[in-house]
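Enquirer: Below are the structure tokens for one structure; questions will follow.
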Amino acid sequence: MAKTATKTAGKSAAKAAAKPKAKAAAKPAVKATAKAAPKAKPAKKPALKLSMLKPSVNNMTVRVFARAAGFDHAETDAWGHTRSPEFMARNPAHLTPMIEDKGLPRGVLWESCAIMQYLANKHGLEKFYPKAPAKRAMVDSAMFYLIGTLYPYVARATYPALGFPQYAGEVGHSDAHPDRKSEAQKAAMAAIAEPLEVFHSFFRDGKPFIGGKNPSIADIRLAATLEFLAVVDYALPKWAKDYVAAIEKTLGKAYSEPAGDVRGYIAHVKSQAKA
Ligand SMILES: N[C@@H](CCC(=O)N[C@@H](CS)C(=O)NCC(=O)O)C(=O)O
């Protein structure tokens, strides 16, 4: 297995690490001997395990969020292993991103938005996922609209160029003539403009981000999704370019590092297409 472990030191790690230490401190002190040899610090265990695929924007979403939220997490590259018996035994949907967390009834969780919602709830990250029901509902609505409406168009428009498998029952997946597939791809590309504008005019509604002054989990999900459109040279409206740039500027490396993997993959497939 091509396993790459990426550790991101962060606030949560500090919190998690601080707890047991505090408990230990509360215990009756063991008589200190003046010349006791300093104990080697036990290796810090990653608080969160994330199985991911680097070229994927679904995965980029959670990778950006985990970094922006400051989690101490370890990433495992699941490329080529999502359908292995071991992976399928834990996750019968064979989908990444997937987190492993002891608090979960089945030990694992997939679906990028559900992962971000869970982690934000668990750690009280209101900055990314507001607690007030009405504000939270808008973030949820934006994410469900993205997954249910925008993303299927983006997938149909970009997956052929990305070399990703398409969904059963769709033209792209069938043995239809390449002209039909190309027509379907173009139709999907044309359909993107409408939901995109809805994010701008309705969800942002004059604010810098869907989340208001700060990017919310819905913003991270949207910006990551838009990254894929570069593979088909989709002409993003100016607001969308500025919006992605603003998210990248606000989140810094937390955004640009995982985005670099997606952008690198796109550059690679584009160079292959030209060759
Ligand atoms: N709606 C899901 C989509 C997840 C998804 O499609 N993951 C793909 C990568 S983009 C995957 O892991 N595919 C591996 C497989 O099906 O074996 C999400 O947002 O997390």
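All of the numbers you see were taken from the coordinates with simple rules; none came from a lab. Not measured: the values here are computed from a predicted model. Note that we place each Cβ from the backbone using ideal geometry, even for glycine, and neighbour counts take in every protein chain shown.
Enquirer: Return Phe128, Phe87 ranked ascending by Cβ neighbour count within 10 Å, so the fewest neighbours appear first.
Expert: Working: Phe128 22, Phe87 19.
Going from least to most buried by this count: Phe87, Phe128.
Enquirer: Using the Karplus curve 6.51 cos²θ - 1.76 cosθ + 1.60 with θ = phi - 60°, what ³J(HN,Hα) values do you get for each residue of segment 51-60, in whole Hz, with x for Gly and Pro?
Expert: Each residue of segment 51-60 in turn: 8, 8, 10, 4, x, 8, 7, 4, 6, 3 Hz.
Enquirer: Using a cut-off of 13 Å between beta-carbons, work out the net charge of the residues near His200 (Lys and Arg +1, Asp and Glu -1, His200 not included).
Expert: For residues surrounding His200, the net value is -1.
Enquirer: Please rank Met189, Met143, fewest neighbouring Cβ atoms within 10 Å first, as an exposure proxy.
Expert: Fewest-to-most ranking of Met189, Met143: Met189, Met143.
Enquirer: Right, something else. Using modelled backbone amide H atoms (1.01 Å from N, in-plane), which distant-in-sequence or interchain residues come within less than 5 Å of Met98's amide H?
Expert: Those qualifying (amide H under 5 Å, at least 5 residues apart or on another chain) are Ser51.
Enquirer: Need one word for segment 61-143: rounded, prolate or oblate. Basis is the Cα gyration tensor (sqrt eigenvalues a ≥ b ≥ c); a/c below 1.5 gives rounded, then a/b vs b/c decides.
Expert: Prolate shape, in that a/c is at least 1.5 and a/b is the bigger ratio.
Enquirer: Which order do Thr149, Thr96 fall in if you start with the one that has the fewest other Cβ atoms within 10 Å?
Expert: Lowest to highest Cβ neighbour count: Thr149, Thr96.
Enquirer: For segment 190-203, in order, what is each residue's ³J(HN,Hα) by Karplus, 6.51 cos²θ - 1.76 cosθ + 1.60 with θ = phi - 60°, in whole Hz (x at glycine and Pro)?
Expert: Whole-Hz 3J(HN,Hα) from phi for segment 190-203: 5, 6, 5, 4, 5, x, 4, 5, 5, 4, 6, 7, 8, 6.
Enquirer: From the cross-link list Lys127/Lys249; Lys213/Lys270; Lys213/Lys238; Lys186/Lys270; Lys135/Lys238, which pairs have alpha carbons spaced over 24 Å apart?
Expert: Lys213/Lys270; Lys135/Lys238
Enquirer: Pop the C-beta distance of Asp175 and Ala93 into the FRET formula with R0 = 30 Å and round what comes out to the nearest 0.05. List each step's numbers first, then the result.
Expert: Numbers: r = 26 Å, r/R0 = 0.86.
The value I calculate is 0.70.
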